[in-house]
Structure formats: C-alpha cells, structure tokens
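Okay, structure first, notes after.
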Amino acid sequence: MSASDKPRIFKGLGGPPRLRPIREDEITARHREAIRESMRFMDDDEEVDDDAPLHPFPATMCRHVEMFDRYMAFGMNILKNALLSPRDREILTLRTGWLCDAPFEWGAHVKLGREAGLSDDEIERIKNGPDAGGWSTLDRALLSAVDEMHHDSTIHDETWDVLAAHYSDEQLIELPMIVGQYHMTAFFQNALRFRPVNDADGRELPEEESVA
C-alpha cells in the first residue's frame, strides 16, 4: 500500500476530536489519581507535578477512569516490560499502526522506533511490509505476522515456524498480544479522533496542533 493510499496518517482525521479533554474544574480526586498514575507510567515513575498542564490524552481517557487505569497498566507493561526486544516490538507496532492508518500511533512509534534502533530506511520499508526488499528472515516473519493477524485474525503456519525458531514460548505469547493491543489502541484513537503528538515523520507537533 503506497503513502498516497493513507488518508489519515498523511491527510488528517477527517474532523475535530469527538470528545474534549476534561477541564481542570471537572477533575475529581479519582480523576487526579488516574492522571497521576498514567503520567508516572509514561515518565518512568518520575515525580508528577499536579500543577502541570493536563496532557490531552489522559485528560480525555479519564472520562472513563476505571477503564483508563486498566488500559494504561496493560499497555505500559507491554511497552516497557516485554521480553521481545524493543526493536522487534516497534516493527510489530509500526506495521500495525500503518495498516490501521492511525496517525497518533504511527507518529509516536516512528519516534520510539528510532530510539529502539530502527533506521529511517527500515521505517520507510515497514510501510511496504514483508514484501519490501532487505529484510532478514525474522523481520519478514514479524511483518508477515502482523499482516496475517490484521487480515485473517491468525498467524499462518509458515510464519509461525520462523517465529518459533527464534523466540521463547513467553515471547510467542507476547507477540500477538502486542499486535492486538496496538490494534485496539489504533481503533479508539482513530474513532475518538485523537490528534497526533508527532507527525508522520516522528517530529513533535506544536502544542496547538496536538490537542486530543
């Protein structure tokens, strides 16, 4: 699929956000607890400044505060504690974000992918999937696994055999869960029209352009 086929990642979400972030005067102690905990997850457990401006992502998600708590605990555990290498995780996540045409997810993980060791050339080739030239056997299997789960809701035997030759049982369990987690994330970010924090090249957007 070419870049021109992607109407959201490059052209926008098709309208304004569907839910506004919670206002300061609406925040309860329970909201504050959830926002504080989410920011600790994102900031590696650093001390959170309660007087800092609200980040639009948690300020919107805490409108369903119990679900938000559980989503952040699961998602941040995958992001920070997975047994798969950060590079492999980001290959899975970027291909998922591309197939789901998810601007928030794609832009954020272009940045994270570079931090995990992916080159700009590799990130560009992820758009073209497993059939792009230059992939190792394992990288091609990772991309194929995402494509197969996206289209067929399973991993085909040929792909599984390659993955099983490289990964432990624990990693093989993690792999489809990572793809599923980022499918879910893409779905709600697209449906609620979360405006991305990073552009399609991973560059941080000005604050006025990155509100949720």
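The values are calculated or read from the model by the stated rules, or taken from the named source; none is laboratory data. Given the structure is predicted, the values throughout are model-derived calculations rather than measurements. Quick reminder, even Gly has a Cβ in these numbers, built from the backbone with ideal geometry, and neighbours come from all protein chains shown.
Out of curiosity, is W98 in contact with a Phe, Trp or Tyr (Cβ under 8 Å, 6 or more places away or on another chain), in contact (Cβ under 8 Å) with a residue 60 or more places away in the chain, within 23 Å of M39 (Cα to Cα) and of a type in the set (A, V, I, L, M, F, W, C)? Spell out how you get there, then give the answer.
Numbers: in contact with a Phe, Trp or Tyr (Cβ under 8 Å, 6 or more places away or on another chain): yes; in contact (Cβ under 8 Å) with a residue 60 or more places away in the chain: yes; within 23 Å of M39 (Cα to Cα): no; of a type in the set (A, V, I, L, M, F, W, C): yes.
So W98 fails the test.
So which of H156, H183 ends up being touching a residue at least 12 places away in the same chain (Cβ under 8 Å), surrounded by fewer than 16 Cβ atoms within 10 Å (Cβ to Cβ) and not aromatic (F, W, Y)? Steps first, please.
Details: H183 fails: surrounded by fewer than 16 Cβ atoms within 10 Å (Cβ to Cβ).
Testing whether each residue is touching a residue at least 12 places away in the same chain (Cβ under 8 Å), surrounded by fewer than 16 Cβ atoms within 10 Å (Cβ to Cβ) and not aromatic (F, W, Y) leaves just H156.
Can you tell which of D147, D139, D121, D131 is more than 25 Å from V197 (Cα to Cα) and over 19 Å from the mean Cα position of the chain (by Cα)?
Numbers: D147 fails: over 19 Å from the mean Cα position of the chain (by Cα); D139 fails: over 19 Å from the mean Cα position of the chain (by Cα); D121 fails: more than 25 Å from V197 (Cα to Cα).
Only one candidate qualifies: D131.
Specify which of the listed residues (W106, W98, W135) is at pLDDT 95 or above and in a loop (DSSP other than H, G, I, E, B). Can you show your working first?
Values: W106 fails: in a loop (DSSP other than H, G, I, E, B); W98 fails: in a loop (DSSP other than H, G, I, E, B).
Answer to the selection: W135.
Is it the case, given these coordinates, that R114 is modelled with pLDDT of 95 or more, surrounded by 15 or more Cβ atoms within 10 Å (Cβ to Cβ), among the basic types (K, R) and assigned to a helix (DSSP H, G or I)?
Working: modelled with pLDDT of 95 or more: yes; surrounded by 15 or more Cβ atoms within 10 Å (Cβ to Cβ): yes; among the basic types (K, R): yes; assigned to a helix (DSSP H, G or I): yes.
So R114 passes the test.
When you look at I173, is it farther than 20 Å from K6 by Cβ, modelled with pLDDT of 95 or more and surrounded by 15 or more Cβ atoms within 10 Å (Cβ to Cβ), yes or no? Even if it seems obvious, please write down each step before you answer.
On the way: farther than 20 Å from K6 by Cβ: yes; modelled with pLDDT of 95 or more: yes; surrounded by 15 or more Cβ atoms within 10 Å (Cβ to Cβ): no.
Against the criterion (farther than 20 Å from K6 by Cβ, modelled with pLDDT of 95 or more and surrounded by 15 or more Cβ atoms within 10 Å (Cβ to Cβ)), I173 does not qualify.
Cβ-Cβ distance below 7 Å, separation of 6 or more or different chains: which pairs start in region 130-143 with a residue that is farther than 15 Å from D157 by Cα and end on one that is crowded, with 17+ Cβ neighbours inside 10 Å and of a type in the set (K, R)?
P130/R140; A132/R125; G134/R125
So which residues in region 138-153 are part of a helix (DSSP H, G or I) and loosely packed, with under 12 Cβ neighbours inside 10 Å? Full working, then the answer.
Taking region 138-153 as the starting set, the residues that turn out to be part of a helix (DSSP H, G or I) are 138-152.
Correct list: H151, D152.
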